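Here the structure comes first, spelled out in structure tokens, and everything after it is commentary.
Taken together, the values in this text are just the output of simple stated rules run on the coordinates, not laboratory data. All values reported here derive from a predicted model rather than from experimental measurement. Don't worry about glycine lacking a Cβ; one is built from the backbone with ideal geometry, like all the others, and counts go over all protein chains shown.
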Amino acid sequence: MNKQNELFEISKKIVPGGVHSPVRSFKGMTMTPRFIERTDGAYAYDVENESYIDFCMSFGPLILGHRDRDVENELKKALERGWSYGACEPYSLKLAQFIIERIPFIEQIRFVNSGTEAVMTAIRLARGHTKRNTIVKFSGCYHGHTDSMLIKAGSGLAGTTEASSSGVPASVANDTLVLELNVLVALEDCFRTHSTNIAAIIVEPLPANNGLLIQSSEFLHALRRLSKEHGALLIFDEVISGFRIGFGGMSEKTGITPDIVTYGKIIGGGLPVGAIASTRKIMEELAPVGNVYQAGTLSANPLAMSAGLATLQKLTPEAYKKLDNYSDNIYNVFREWLRDFDKGRFKDIELITHNSLFWFAPKNNIHSLKDIPSTLTKRFNEMFEILLNKGIYLAPNAYEVGFISLAHDEKVAEELERRLWS
Ligand code: PMP
């Protein structure tokens, strides 16, 4: 038994399924998870010192690559100042100011520890602000594991709902309506029926948790228009797209101003940070000014704030241009391989991309969950194992997207080509 298998066997005895987050478990694969011991730039190294070109990149936070030296230096300095105070400190102030100066609609921000926490607070805030209970979400969007977001559509467009996790009470599920992405009539129907009960619509403006389900601009603008007309708030969950699709994420890209935005991942540069941001009027409904309660022992942790600021400071317009160029290089290499490898064995697989996010899909033109062919997982798992054996690491699940970083430069694209064809 090799070292990875040994560690996984031990892990399974003491941790549910051997993992601390389900997607890490290689479920449905014949291989067992790689245990990563160290990382650098675009590369991850496992406990047997095998190297992988990493396209999982911690599921998104590491837009600069692993161990970016500027972030590392800031972290070293931060360590010497102590790593948790539970009191006011200047570091979160700098990060908040940096963001507020660059994203026009944001007047106030509060830092939490994860994307899940950010969404949980955004929903409570929307309910507190509107004095309404119903939240509209879309099937195919993931918003973390807070109870009210673990809901899938029942029968009918906006009819009964049921929980997609055991442990979520029906009483909670009943307040979440789930609609199909990119279907305008369903949205209009929903507002007609539930208008005065809807506190907020929450959406990933670039849904990237069930593959990459790119939405039409018409649909995204309709979310803004309808929510405004009916007195509901629009929450953009930019945990993945924020600071990745340009600094201002999808709100900047589409020109749509949400009422509340949630962030995670890049905002902490690889340390645990989430954030809720909005206008001062809405944000000041949070405690201690307002009556919507939210708190956190480790919130605005000084190490995490330093890593976040050091990361965001490097995200200049030039950096995004470079990232797009690096991404295109990588996509070209992958596309050629998909077309020609082993007599066209994977030529049915498309690479769907949006800036530095990509997804291997069994066809093009996929904009909602119902468009995804049932062959996806089988085809992906086959390809995933071949790539892993070649030293190329994708997130181990067909529905996860890939992430390119600023460490995935021309040299890495060349190395990718070499490994793919070896
Ligand atoms: N919202 C979105 C859009 C996400 O992609 C994620 C995580 N992938 C979350 C919320 C939850 O964030 P976290 O895992 O940090 O709790």
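For this structure, a couple of remarks:
- Cα gyration tensor, region 204-263 - rounded (a/c under 1.5), prolate or oblate: prolate
- The lysines whose alpha-carbon is closer than 29 Å to the alpha-carbon of LYS137, local same-chain residues fewer than 8 away aside, are LYS27, LYS152, LYS228, LYS253, LYS265, LYS281, LYS363, LYS370, LYS378.
- Along each principal axis, Cα extent of the chain, largest first, Å: 60, 54, 47
- Net charge of Cβ neighbours under 13 Å - reference GLU252; Lys, Arg +1; Asp, Glu -1: +2
- Placing one equal scatterer on every Cα of region 1-146 and applying the Debye formula, the log10 ratio I(q)/I(0) at q = 0.08, 0.20 Å⁻¹ is -0.38, -1.34.
- Region 49-108 shape via C-alpha gyration tensor axes, a/c threshold 1.5: oblate
- Relative contact order (percent, whole number), the chain, Cα cutoff 8 Å, 6+ residue spacing: 22 percent
- Vicinal HN-Hα couplings computed from phi for region 250-258 (Karplus, 6.51 cos²θ - 1.76 cosθ + 1.60; Hz; Gly/Pro x): 6, 5, 5, 5, 8, x, 9, 9, x
- For region 105-113, backbone phi angles converted through the Karplus equation (6.51, -1.76, 1.60; θ = phi - 60°) give residue-by-residue couplings of 7, 8, 9, 9, 9, 10, 8, 10, 10 Hz, Gly and Pro being listed as x.
- Here the simple spin-label model places points 7 Å from the Cα toward Cβ, and for GLU229 and ARG192 these points are separated by 1.1 nm.
- Near the amide H of ILE392, within less than 5 Å, lie the amide hydrogens of ILE53, all on another chain or at least 5 residues away, with H placed in the peptide plane.
- Extension gain, GLU284 to ASN364, is 24.4 nm, computed as 0.36 nm per intervening residue step minus the present C-alpha separation.
- Global geometry of region 324-422, whether rounded, prolate or oblate, following the gyration tensor of its Cα atoms and the 1.5 cut on a/c: oblate
- Entry note, region 1-76: relative contact order of 21 percent, from Cα contacts under 8 Å with a spacing of 6+ residues.
- Residue ranges 101-109, 284-292, 208-216, 136-144 sort as 136-144, 208-216, 101-109, 284-292 when ordered by packing (mean number of other C-beta atoms within 10 Å per residue, highest first).
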